[in-house]
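*Asks:* Okay, handing you the structure first.
Throughout, read-outs are computed from the coordinates displayed, never taken from laboratory work. Here the structure is a predicted model, which is why all the values come from computation and not from measurement. Cβ placement follows ideal geometry from the backbone for every residue including glycine, while neighbour counts extend to all protein chains displayed.
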Amino acid sequence: MATGNAIRGTRVGSGPMGESERGESAARTVVSFWCSNGHETRPSFAVDADIPSSWDCPRCGLPANTDEKNPPPAKRTEPYKTHLAYVKERRSDSDGEALLDEALAKLRARRGES
Ligand SMILES: [Zn+2]
């Protein structure tokens, strides 16, 4: 009889709190995810959707999973360190002085020209 399943709830990305289960449109299930900072995120999914095993915490960006007592380790803090190290590497003292000299030289050159 019903050959097409065209009428399915395809609304995705609604707010976690805004919609309560009213049972009108597609049934949804709310899943709690926890990140290693203890943030709880509760996205809702269509009942027939696959619940992902991990979820990015919208507050701190760390990976979160559904196991409150055993959240995934915070691997993603590394970019902070590596970025800082990167900046430090690039700006060693001698480099900084060289850049400063260069800038001063340009300034002097400009002043001399005008
Ligand atoms: Zn978090």
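*Asks:* Work out the FRET efficiency for His39 and Lys106 from their Cβ-Cβ distance, taking R0 = 41 Å, and round it to the nearest 0.05. Each step should come with its number before you reach the end.
*Replies:* Values: r = 48 Å, r/R0 = 1.17.
After rounding to 0.05, the efficiency reads 0.30.
*Asks:* Separate question: Work out, step by step, the length gained on full extension between Leu99 and Val47: first 0.36 nm times the residue separation, then minus their alpha carbon distance; give nm to one decimal.
*Replies:* 12.8 nm
*Asks:* Kindly rank 42-53, 99-110 from highest to lowest mean number of other beta carbons found within 10 Å of each residue.
*Replies:* Packing proxy ranking, top to bottom: 42-53, 99-110.
*Asks:* Now for a different question. When you count, for each residue, the other Cβ atoms within 10 Å and take the mean per peptide, how do 62-71, 28-37 rank with the highest first?
*Replies:* Packing order, densest peptide first, comes out as 28-37, 62-71.
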